[in-house]
Amino acid sequence: MTTPADFESLLAPYAMRTQQSRGRRYREPDHPYRPAYVRDRDRIIHSAAFRRLAYKTQVFVDQPNDHHRTRLTHTLEVVQIARTVARQLSLNEDLTEAVALVHDLGHPPFGHAGEQTLHEMTASVGGFEHNRQGRRLVEKLESRYPHFPGLNLTCEVLDSISLHAEQSTRLSPSSPADRQMLAEAQVVDVVDSIAYAAHDIDDALRHQIITFADLRQIEIWRWAHDRCEKTYGNDLVGKQLSRGVIRSLIDGQVGSLIEESRQQLMNIRSVEEICSSPRRVISLPLPVATMKEELQKFLFARVYRSDVVTRRTKEGQQIVRGLFDRFLRSPDQLPEKYLRTDEGIERAVCDYISSMTDRFARRSYDENGAV
Ligand code: MG
């Protein structure tokens, strides 16, 4: 039988190995043939929270066609790109996959608008942040196993969720706050933004929020356009053109990410060196990172704050606010499992609403006539 050590014998010295893992909060015997991070991956995929990602907004709420990205399809795009990068850098692909699968699990319905509203509603009890909620889900709220709450994931995957948001939040209080994420989690972090920028352009073009003329103002688009022409010639138009350029945009960034990171990793001999390094080792080369930043600013101004997106998100905010008020007044309407928390009714209501999909939240709101 192939053991985890066999699987991991070809990894780079700076890759995280299961043998080095700090383990799980609740001790469990090893599985005979599935390494620890493969089990993490499988537990995440089998969780209810993961299935709900199919019906949660990424950016575009309730669009009339079914082609725009949801949290689930975004997550799968991140997984697929992150695995490619991890494999090229001889990192632990299983761990990378688990980190990518879990990275957006804590998002509430209605995307950023839902998050902002829940944060406001819970301001007096510590607020709301999707990464923190992701940890609550996998540590407390998922209930699938008889011997422990949550999914009992490895410390490395739990850390990746917290560190995705803030470097200072760690599972172990003794860990220095200024340590870097594992290289596998750093890959997911960069790839997340490569993936969403690319697919948000695609969705925004489809919804006619932006045009090719707008995009030609952006340097990284022109860079990807040139790459696209080298591959497909210069007679692509319409959807073929946008798909070709977006493909080149992802491929160009991923290629440069791998090359740059390979350089950074050249003299690194251990996981410890990665974590104690003064800066991240997985990164885009500066010129590409600068171009990408310009694209992100453009997306913020022209897509995320566009009328089409904000009109729908206002509706989402109203639903979240209405549901919050209602459950706060009538906690008996909460499912029993959410009432088990000893952290107060606001947190219980927040846990319940944040777990909802867009359509379930809308249905609950419509059916019960929130204020
Ligand atoms: Mg993401």
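The values are calculated or read from the model by the stated rules, or taken from the named source; none is laboratory data. As the structure is a prediction and not an experimental result, all values here were calculated from the model. Don't worry about glycine lacking a Cβ; one is built from the backbone with ideal geometry, like all the others, and counts go over all protein chains shown. Ligands, DNA and RNA are stripped out before the accessible areas are found, and what is left, the full protein with its side chains, is counted by its heavy atoms. Shrake-Rupley method; radii C 1.70, N 1.55, O 1.52, S 1.80 Å.
The single condition among (1) part of a helix (DSSP H, G or I); (2) within 15 Å of the ligand (Cβ to nearest atom); (3) touching a residue at least 24 places away in the same chain (Cβ under 8 Å) that residue 116 does not satisfy is (2).
Here is a check on your reading of the model: is residue 237 among the aliphatic types (A, V, I, L, M) and open to solvent by 90 Å² or more (accessible area, probe 1.4 Å)?
Details: among the aliphatic types (A, V, I, L, M): yes; open to solvent by 90 Å² or more (accessible area, probe 1.4 Å): yes.
The answer is yes for residue 237.
Restricted to helices (runs of 4 or more DSSP H) entirely inside the range 1-107, those with at least 1 residues that are open to solvent by 40 Å² or more (accessible area, probe 1.4 Å), within 16 Å of the ligand (Cβ to nearest atom) and modelled with pLDDT of 90 or more are 48-52, 71-88.
Quick one: in the range 127-182, of everything that is open to solvent by 50 Å² or more (accessible area, probe 1.4 Å) and of a type in the set (Gly, Ala, Ser), which residue is modelled with the highest pLDDT? Selected residue: 143.
The numbered conditions (1) under 23 Å from the mean Cα position of the chain (by Cα); (2) open to solvent by 40 Å² or more (accessible area, probe 1.4 Å); (3) of a type in the set (Ser, Thr, Tyr) are all true for residue 313 except (2).
Yes or no, residue by residue, for (1) part of a helix (DSSP H, G or I); (2) of a type in the set (Lys, Arg); (3) under 23 Å from residue 312 (Cα atoms); (4) away from the ligand (no atom under 16 Å from the Cβ):
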{"residue": "186", "(1), (2), (3), (4)": "yes, no, no, no"}
{"residue": "190", "(1), (2), (3), (4)": "yes, no, no, no"}
{"residue": "194", "(1), (2), (3), (4)": "yes, no, no, no"}
{"residue": "203", "(1), (2), (3), (4)": "yes, no, yes, no"}
{"residue": "210", "(1), (2), (3), (4)": "no, no, yes, yes"}
{"residue": "213", "(1), (2), (3), (4)": "yes, no, no, yes"}
{"residue": "228", "(1), (2), (3), (4)": "yes, no, no, yes"}
{"residue": "239", "(1), (2), (3), (4)": "yes, yes, no, yes"}
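Of all residues in the range 331-371 being outside any helix (DSSP H, G or I) and open to solvent by 30 Å² or more (accessible area, probe 1.4 Å), which is modelled with the lowest pLDDT?
Once the filter is applied, the top-ranked residue is 371.
Only a single criterion out of (1) exposed (fewer than 15 other Cβ atoms within 10 Å of the Cβ); (2) charged (D, E, K, R); (3) not in a helix (DSSP H, G or I) is not satisfied by residue 280, namely (1). Do any residues in the range 307-329 that are in contact (Cβ under 8 Å) with a residue 40 or more places away in the chain have Cβ atoms under 8 Å from those of residues that are acidic (Asp, Glu), where the two are at least six apart or on different chains, and which pairs are they? Matching pairs, first to second residue: 312/62; 316/358.
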